[in-house]
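Since the structure comes first, as structure tokens, the remarks are kept for the end.
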Amino acid sequence: MAKKELEKILIGEQLKKVKEVLDPEKTTKKVIDATSYLRKEYKKTLAVALTTGLALIIGLYVKDLLTLWIDYLLKALSLSEGTGIMYKTILTLVVSGIAVLGIVLVSKWAGKEEKK
């Protein structure tokens, strides 16, 4: 008789656990929380992608502008083509250095965890 009572108690405990897991209110809250988290992460990722694309467009236009200015200055100063290549090389190194510094600073900033 004690064995049957023990089985009933165990089955009752298992049913309670199953009911807790399948509770519609808790399940609904978990789904809503997961959806909110995914929406927030999607927006962050999309913002990064759009910012990167726009920065690329800006960079291409700045490159064209700098090329035009260097060509204009070379013609105005009557410098040779070899000198123009040298100036463009120096300008490329300077701009690349600034870009690498910016990448390093942004990477450090993004890697820091916020304190709560």
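Rule-based calculations on the coordinates, nothing more; no lab input. Nothing here was measured: the structure is a model prediction, and the numbers come from that model. Reconstructed Cβ throughout: ideal geometry from the backbone, glycine too, with neighbour counts over all protein chains shown.
For the criterion of being of a type in the set (S, T, N, Q), surrounded by 10 or more Cβ atoms within 10 Å (Cβ to Cβ), touching a Leu at 6+ places or on another chain (Cβ under 8 Å) and farther than 21 Å from residue 106 by Cα, residue 28 fails.
Here residue 22 meets the list (1) surrounded by 10 or more Cβ atoms within 10 Å (Cβ to Cβ); (2) more than 30 Å from residue 83 (Cα to Cα) almost entirely, failing just condition (1).
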